[in-house]
Ligand code: IVH
């Protein structure tokens, strides 16, 4: 411990520790950019706790130690809001007209003429969580209330304290790392109410439900699976026991103010909503990086479209965007109608959940024999497309949701995600005449090849044991082998594979390379020219690389990255096929499960036969020197990069090859784990995502310097 700490009075030591811990917490929770290891935070935290325990009189509610361990309460008390919490008028027209109508109305109400300049707005995501009012007095959080009916809400301070992203004490001017274009630093008002949205990130939601599933599986009573992140967040905020809230990871974005009364120094003086948000950031609140100024209807529409496109990759749910007039003077002039401000509107995206009925429950067989129950649905338009199938994942999920033929269900489609049945909607008044279908049960034989289907202990899935004897597995195996990321047979899609397998032309993978012009041209809808093209594509696919070939074999747990590591480590296919589990585990990222899976695969004589025949058919790649010792540390090892936009000199493939040759990895999507995003011109949503997650963004020159 620093010696000088012993010399200072306890009250100063405590104040210093709190300030340091608050600064660390801000970097960790708000900026997603930890400045010290967790252990250092824990060490100072323990020090502070010890001091406070021996000097109870110095304990204050804004101390970082007071986030946890609050007492449970019997019931919520209601609180009348100092200023009512308003709602926003909702525009449900999901076309450009939604934004254009709003702009036209604002211009009319402000009495603007067509020749007058475009109105400046602030456009924000409409976060799908729950609104909260945070009251600070002399810079310290004193009360947090839910929106309730807008006039009166519930006091949930004890729970809100547990949320790391919410400051217990406002940052002294500038502490919340200012961005370059910031307004002058504003004095902290005597009373400040900040309003914003509590929400749960999607990854936190998935992890929470996974923990819930485990608890339920272990026989815990009274636990449940949450329907969606908003539901989970709302439940967490309305817990009587804050230790339960603390176990539910919640996040927060600030978007406005409630009551504000100036401090002795006066202020704060904002002219625009945008400046206000920048100041909230300085005071230590998270403000979404997606918030932007937009000029006139054209930019509102552009914002709506841009956010709509990024929606699935944001990491949290939004249900639209909000447009607000930027000038606060104009906001005052426009005022309110009943409980909605005239200066704001919410422009919704197409709903991601809809109701429909279950027509049947089919079981599909995947490449590895996995059986997946799939609900066949009455067609329904959801998330921008018509959905007729939705996955029920596996037997346990299907049983848990108790989906039956004839049921009305909620289907959800979030972007690229496979549509899923969220839950069954039971009639409000169950009628005695309503007969539901039978409870779903997984078949114990494969619905395609009638081989036995087994569910191994500890596994959620049933698998068909037919292997490549099963035509469903064969089809999937061929498609996997032929995909772009594997050996790439251009033009070989599922329709053609269905025909080839169903007509008995392909029994095993190598048969693909034994197809001839006559056999192909005899297929339905296959002209001579297409047959020739297919033969050419097959010919072209023969020249490949070891990682692509390995990945293409479809060995369980061997994805693209693992295939690359294997090729790098061993250099030769024969060496991989001969390696023991122990030797395989020497490869970076390969553990016992993957090693076992590889060994099992190559222990099957028929798999080795397939490999030999493929090589005999002319599939080749260049084999390299094996990398026997562990790879020499390379400048980028352990770093993950995401490329976006057009780089000045390198194309995608070149940049990827350079990064990989220096030991780095290239991934296609940005997450908290991404080390760097390399951005060029016209960088898109990946750049925004990097900014919103605080992932460092570099240009090509910096990348080259790192290499
Ligand atoms: S502003 C005067 N901004 O939408 C306007 N609200 O009906 C006050 N919401 O429950 C709200 N994202 O919680 C505003 N960027 C955003 C928002 C937002 C979500 C919620 C809010 C409220 C509802 C408004």
Flagged pairs (Cβ under 9 angstrom, 6 or more apart or on separate chains; first in segment 116-131, without any contact (Cβ under 8 Å) to a residue 40 or more places away in the chain and over 9 Å from residue 318 (Cβ atoms); second part of a strand (DSSP E or B) and more than 9 Å from the ligand (Cβ to nearest atom)) are 117/295
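How many residues are surrounded by 20 or more Cβ atoms within 10 Å (Cβ to Cβ) and part of a helix (DSSP H, G or I) when one looks only at segment 566-597?
So in segment 566-597, the residues surrounded by 20 or more Cβ atoms within 10 Å (Cβ to Cβ) come out as 566-567, 569-570, 576, 579, 584, 587, 590, 594-595.
Right, trim to part of a helix (DSSP H, G or I) and you get 566-567, 569-570, 576, 584, 594-595.
Number of matching residues: 8.
For (1) touching a residue at least 24 places away in the same chain (Cβ under 8 Å); (2) assigned to a loop (DSSP other than H, G, I, E, B); (3) touching a strand residue (DSSP E or B) at 6+ places or on another chain (Cβ under 7 Å), each residue gets a yes or a no:
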| residue | (1), (2), (3) |
| --- | --- |
| 11 | yes, no, no |
| 15 | no, no, no |
| 25 | yes, no, no |
| 36 | no, yes, no |
| 46 | no, no, no |
| 51 | yes, no, no |
Please specify each residue of segment 132-151 satisfying the condition of being surrounded by fewer than 17 Cβ atoms within 10 Å (Cβ to Cβ), within 29 Å of residue 321 (Cβ to Cβ) and either away from the ligand (no atom under 15 Å from the Cβ) or without any contact (Cβ under 8 Å) to a residue 12 or more places away in the chain (or both). 149
Taking segment 530-565 on its own, how many of its residues are buried (at least 19 other Cβ atoms within 10 Å of the Cβ) and part of a strand (DSSP E or B)? 0
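Does residue 398 satisfy the criteria of being under 16 Å from residue 420 (Cα atoms), part of a strand (DSSP E or B) and in contact with a strand residue (DSSP E or B) (Cβ under 9 Å, 6 or more places away or on another chain)? If you could, list the steps in order and put the result at the bottom.
Values: under 16 Å from residue 420 (Cα atoms): yes; part of a strand (DSSP E or B): no; in contact with a strand residue (DSSP E or B) (Cβ under 9 Å, 6 or more places away or on another chain): yes.
Answer is no for this residue.
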Six or more apart or on different chains, Cβ atoms under 6 Å: show the pairs whose first residue is in segment 308-322 and under 17 Å from residue 204 (Cα atoms) and whose second is within 15 Å of the ligand (Cβ to nearest atom) and not in a loop (DSSP other than H, G, I, E, B). 316/199; 317/229; 318/125; 318/126; 318/127
Checked segment 228-267 for anything assigned to a loop (DSSP other than H, G, I, E, B) and closer than 24 Å to residue 164 by Cα; matches are 228, 238, 239, 240, 241, 247, 248, 249, 250
Selection over segment 371-417 where residues are closer than 30 Å to residue 466 by Cα, modelled with pLDDT under 90 and surrounded by fewer than 14 Cβ atoms within 10 Å (Cβ to Cβ) yields a count of 1
In segment 52-102, which residues are at pLDDT 90 or above, within 30 Å of residue 381 (Cα to Cα) and either more than 16 Å from the ligand (Cβ to nearest atom) or surrounded by fewer than 12 Cβ atoms within 10 Å (Cβ to Cβ) (or both)? 97, 100, 101
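Within 15 Å of the ligand (Cβ to nearest atom), closer than 16 Å to residue 346 by Cβ and part of a loop (DSSP other than H, G, I, E, B): which single residue out of 300, 290 fits that description? Break it down stepwise before answering.
Details: 300 fails: part of a loop (DSSP other than H, G, I, E, B).
Residue meeting the stated conditions: 290.
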Which ones in segment 57-102 are closer than 30 Å to residue 17 by Cβ, in a helix (DSSP H, G or I) and within 34 Å of the chain's Cα centre (by Cα)? 64, 65, 66, 67
Could you please give the count of residues in segment 110-126 that are in contact with a helix residue (DSSP H, G or I) (Cβ under 9 Å, 6 or more places away or on another chain) and within 10 Å of the ligand (Cβ to nearest atom)? 4
For a quick check of your reading of the model, give me the residue pairs whose first member lies in segment 331-344 and is without any contact (Cβ under 8 Å) to a residue 60 or more places away in the chain and at positive phi, whose second is within 12 Å of the ligand (Cβ to nearest atom) and not in a strand (DSSP E or B), with beta-carbon atoms closer than 7 Å and at least 6 apart or on different chains. 335/342
Across segment 315-342, what is the number of residues that are at pLDDT 90 or above and either within 12 Å of the ligand (Cβ to nearest atom) or out of contact with any helix residue (DSSP H, G or I) (no Cβ under 7 Å at 6 or more places or on another chain) (or both)? 19
Show the residue pairs meeting these rules: Cβ distance below 7 Å; 6+ apart or different chains; first residue within segment 75-87 and touching a residue at least 60 places away in the same chain (Cβ under 8 Å); second residue more than 16 Å from the ligand (Cβ to nearest atom). 76/155; 77/155; 79/143; 79/155
Residue hits (segment 268-284; within 17 Å of residue 160 (Cβ to Cβ) and within 13 Å of the ligand (Cβ to nearest atom)) are 280
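Tell me yes or no: at least one residue of segment 214-225 is part of a helix (DSSP H, G or I), within 15 Å of the ligand (Cβ to nearest atom), more than 30 Å from residue 187 (Cα to Cα) and modelled with pLDDT of 85 or more. Working first, answer last.
The initial filter retains those residues of segment 214-225 that are part of a helix (DSSP H, G or I), namely 214-217.
Checking which are within 15 Å of the ligand (Cβ to nearest atom) leaves us with none.
Checked against the condition, which is being part of a helix (DSSP H, G or I), within 15 Å of the ligand (Cβ to nearest atom), more than 30 Å from residue 187 (Cα to Cα) and modelled with pLDDT of 85 or more, segment 214-225 yields no hits at all.
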Selected residue (criterion: nearest to the chain's Cα centre (by Cα)) from residues of segment 349-358 that are buried (at least 17 other Cβ atoms within 10 Å of the Cβ) and either within 13 Å of the ligand (Cβ to nearest atom) or not in a loop (DSSP other than H, G, I, E, B) (or both): 349
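The values are calculated or read from the model by the stated rules, or taken from the named source; none is laboratory data. In this text the structure is predicted, and so the values were computed from the model without any measurement. Cβ coordinates were reconstructed from backbone atoms using ideal geometry, including for glycine residues, and neighbour counts include every protein chain displayed.
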